[in-house]
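Heads up, the thing below is written out as structure tokens.
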Amino acid sequence: MVAELIDGKALVAQIKEQVAAEAKALSDGGRTPRLVAVQVGENPASKIYTNMQAKSCGSVGIEYELLNLDDNVSQDDLLARIRQLNEDPTVSGIILQMPVPKQIDARQVQVTIGPSKDVEGMGPVNMGRLFYGGQLVAPCTAVAAVELLKTAQGDLAGKEVVVVGHSEIVGKPIAMILLQSLLQSPTVTVCHVATKDLSFHTRRADVVIVAAGVSQARWGAYRRRKKAGEEVELPDLSPLVSAEMLNEGAIVIDVAINRIPKGFDANGEPLKNEKGKNAMKTVGDVDFEAAKEKVAAITPVPGGVGPVTVAMLLKNTIACAKANA
Ligand code: NAD
């Protein structure tokens, strides 16, 4: 069996069309939706992300502002700035760009963002609403993963879904979203770093949603220890989920984005690109090449959950703009 590729392009186009129509209606009523991204200091990785946000917002009629704060900004000053944005009626949504410098407590900032401007659905009020059902917004990646799953498997009632990863931004909200229907929910199992036998769970699942980021975490830990002068063995960067761990006919949603070296030379050094830098690749947590020969449907990495996540941010911005209006 060769798996169906769940690439999300159609879903992104559909979401953007709806968002653009709603953004226009809001603008026609004098309330142009406006997203403000707060970035503390400079970070090349977030720059790629903020450029992408600006472009996506522009393409659907949402105004986008990148608020660059000094690297040394204090927690109090940052919180004061967030409160100002909460009070500003022209601001529909606020997003805190990660990572933040050490002096900043990101969780406290997220708690300070007003619930009706919390476009990432990360604050306690929106998390609580997710638990109760009827939420205003939910974390973008979690919604993206579930919506992509629904394009491949509409009816989830009674299915066995295994979620690998239990973070607040991805794994836990995915489980909560899946459990929201009283009668049509799947059975959801959440696995994590302390799960004893991951394959026991994944093998019997109709749907496997993986959000762990294991190989990048291993590569990061190896680099930190090596930099500190420790003698360390090359880490195992093979995918967390092999084809053997998956049921034939399963649907696989790979949320992970691992940036790891393409390979190593005989001395254990990462292969270099033409610029002399480490040649890197982006992979998920699932062995895509082997899994696609076995399962019914699978998302690629990159190009699967990622683009839908950005589209969900736009959708959440409209939901917040309407709530504020
Ligand atoms: P996190 O580090 O907060 O959480 C990792 C989770 O993986 C934890 O719940 C941990 O228990 C689990 N885990 C770690 N090792 C494991 C193991 N060996 N077996 C089973 N579970 C294990 O990460 P996160 O923020 O939830 O992100 C997870 C992945 O999703 C990362 O690769 C990240 O890059 C990716 N991500 C993608 C998007 C997107 O837009 N596609 C957005 C956010 C995160």
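Read the figures in this text as sums done on the coordinates, not as results from a lab. Nothing here was measured: the structure is a model prediction, and the numbers come from that model. For neighbour counting, all protein chains shown are included, and Cβ atoms are generated from backbone atoms with ideal geometry for every residue, glycine included.
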Trypsin sites (Lys or Arg not before Pro) restricted to the range 239-325 and DSSP loop, no more than 10 other C-beta within 10 Å: Lys275, Lys277
To the nearest 0.05, what FRET efficiency results for Asp155 and Ala325 with a Förster distance of 41 Å applied to their C-beta separation? 0.70
Loop GluC sites (Glu not before Pro), the range 166-260, which have at most 11 other Cβ atoms in a 10 Å radius of their Cβ (DSSP): Glu230, Glu231, Glu233, Glu248
Let me check against my output: what whole-number percent is the relative contact order of the range 140-304, with C-alpha pairs under 8 Å and at least 6 apart? 21 percent
When the chain is treated as a Gaussian network with springs between alpha carbons less than 10 Å apart, the largest mean-square fluctuation among Leu130, Leu78, Leu178 is found at Leu78
Give Lys16/Lys277; Lys55/Lys172; Lys150/Lys226 a once-over and call out the pairs whose C-alpha atoms are over 31 Å from each other. Lys16/Lys277; Lys150/Lys226
Assuming R0 = 25 Å, what is the FRET efficiency of Ala221 and Glu4, from their Cβ-Cβ distance, to the nearest 0.05? 0.10
Mean separation of Cα contacts under 8 Å, 6 or more apart, over the residue count of the chain: relative contact order %: 23 percent
Mean ellipticity per residue at 222 nm, deg cm²/dmol - from DSSP H runs of n ≥ 4 across the chain, formula -39500 (n - 2.57): -12500 deg cm²/dmol
In a Gaussian network model over the chain where Cα atoms closer than 10 Å are linked, find which of Pro235, Pro261, Pro44 has the largest mean-square fluctuation. Pro44
Per residue Cα convex hull volume for the range 47-88, in cubic angstrom? 73 Å³
Take the alpha carbon gyration tensor of the chain, find the square roots of its eigenvalues, order them as a ≥ b ≥ c, and report rounded if a/c is under 1.5; if not, report prolate when a/b exceeds b/c, else oblate. oblate
Could you calculate the FRET efficiency of Asp105 with Glu274 from 1/(1 + (r/R0)^6), where r is the beta carbon distance between them and R0 is 35 Å, rounded to 0.05? 0.25
Please work out how much length the chain gains when fully extended from Lys262 to Tyr49, using 0.36 nm per residue of separation minus the C-alpha to C-alpha distance, in nm with one decimal. 74.4 nm
With viscosity set to 0.692 mPa s at 37 °C, what whole-number translational diffusion coefficient in µm²/s follows for the range 140-304 from Stokes-Einstein and a Kirkwood radius over Cα pairs? 195 µm²/s
Gain upon complete extension [His192, Ala13; 0.36 nm per residue less C-alpha separation]: 61.2 nm
Semi-axes in Å, largest first, for the range 30-165 (Cα gyration tensor, √(5λ)) are 28, 17, 16
Residues Ile48, Ile298 arranged by fewest to most Cβ contacts within 10 Å: Ile48, Ile298
Taking 7 Å along the Cα-to-C-beta vector as the label spot, tell me the Asp76-Glu168 distance in nanometres, rounded to one decimal. 2.4 nm
I want to verify a result. In a Gaussian network model of the chain, Cα cutoff 10 Å, which of these has the top mean-square fluctuation: Asn273, Asn43, Asn68? Asn273
